[in-house]
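The values are calculated or read from the model by the stated rules, or taken from the named source; none is laboratory data. Please read all numbers here as calculations on a predicted model, not as lab measurements. Virtual Cβ from ideal backbone geometry, glycine too; neighbours counted across all protein chains shown.
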Amino acid sequence: MKAQWENKIMSSMLQFVDHEILVVGEAFSNYSSNFYKTSSLYNGYYTYSSPFKQLVGDTSVPNANILTGVYVNGAWTEMGQGSTRGVNYYKGQVYSNADLSSEAISGNFAVKDYNVYITNKTEPDLLFHTKYSINPKISQNPTGLPPEAETYPAIFLKNAGGQNDALGFGGLEDTVTSVRAVVLSDSAFSLDAACNILKNTARKRLPIVETTPFNAMGALDLNTNGGNLYNYSEIATGNGPIIWDVRVSKLSPGSSSLEGIQADIFSAFVDFELHSFGIGN
């Protein structure tokens, strides 16, 4: 299936929200940590995970340490050199075509304060039926996070539908897309800050991102893409919809309507209304 306009909107929205939170909120911390073997083979590669996810991979984020390689037994190895075959920032993993489990693997990187995901789960599933582990605040974890683990604070984006409204004769349409962000935080302060950043995106234009330097595994391999890093500001140039309106609905911890949710999770819904005004149809 060829990617359609709403597919491009959702993938671009993921990168846009991630960039806004990281840059406006300076929502990351720089760490140094070991990587640990977490699975034998993934698409033919050995997988080594950090104790954190997600890592910052956007070079346009000021002062963030971007992981472009690892130290193997103290020797610097850039991604694509030796046996290393890529870094997956969203999963906090590096890939190798050789078993390095007997080697000491470490790196310097920035960890996001908020992970950002696209999901098709319902709001009750996100709030009540999924167990989350908070991103560790220190780097001295004995093992890496498993590939399937989801950690919070996090922002889950889902397509909430929409419609086409006629703009005039001749088939000119305004494609309206509704996107809901479910924000899960570990403090009221952090939740208010994240919601404020998202609310202030109203009346901004969402740039469409057509291509990224990541491969089919979601990993960056400097050896195969000409050494190009991921820079959101350089690739987010496509003409996209306007974020027409943003509405925030906060959920109160401990209320009867949220019975069953962890007491230390602070949550909110942020609803975006996007108008394409004749583009992308």
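Among the polar types (S, T, N, Q), part of a helix (DSSP H, G or I) and either closer than 22 Å to D113 by Cβ or without any contact (Cβ under 8 Å) to a residue 60 or more places away in the chain (or both): is that true of S12 in this structure? Yes.
Among residues of segment 71-98 being touching a residue at least 60 places away in the same chain (Cβ under 8 Å) and either assigned to a loop (DSSP other than H, G, I, E, B) or touching a helix residue (DSSP H, G or I) at 6+ places or on another chain (Cβ under 8 Å) (or both), the one that is farthest from E20 (Cα to Cα) is Q81. Close contacts from segment 191-203, counting a first residue that is within 10 Å of I155 (Cβ to Cβ) and a second that is modelled with pLDDT of 95 or more and among the hydroxyl-bearing types (S, T, Y), with Cβ to Cβ under 9 Å and a gap of 6+ residues or different chains, come to A194/Y114.
Name the residue that is surrounded by the most Cβ atoms within 10 Å (Cβ to Cβ), counting only residues in segment 48-70 that are in a loop (DSSP other than H, G, I, E, B) and either in contact with a Pro (Cβ under 8 Å, 6 or more places away or on another chain) or among the basic types (K, R) (or both). Among them, the one singled out is K53. On inspection, N7 qualifies as without any contact (Cβ under 8 Å) to a residue 12 or more places away in the chain, outside any loop (DSSP other than H, G, I, E, B) and among the polar types (S, T, N, Q). Only one entry of A219, A193 meets the criterion of being crowded, with 17+ Cβ neighbours inside 10 Å, at pLDDT below 90 and within 22 Å of the chain's Cα centre (by Cα), and that entry is A219.
No other residue among L41, L22, L100 is within 20 Å of the chain's Cα centre (by Cα) and either within 22 Å of I155 (Cβ to Cβ) or not small (G, A, S) (or both) apart from L22.
Among the residues making up segment 16-54, those that are more than 20 Å from G74 (Cβ to Cβ) and of a type in the set (F, W, Y) are F16, F28, Y42, Y45, F52. Looking across G107, G92, one residue alone is surrounded by 21 or more Cβ atoms within 10 Å (Cβ to Cβ) and within 24 Å of A236 (Cα to Cα). It is G92. Against the test of being over 19 Å from A27 (Cβ atoms) and modelled with pLDDT of 75 or more, the options L167, L157 yield a single qualifying residue, L167.
Within this structure, G82 fails the test of being in contact with a strand residue (DSSP E or B) (Cβ under 8 Å, 6 or more places away or on another chain), under 30 Å from S276 (Cβ atoms) and of a type outside the set (V, I, T).
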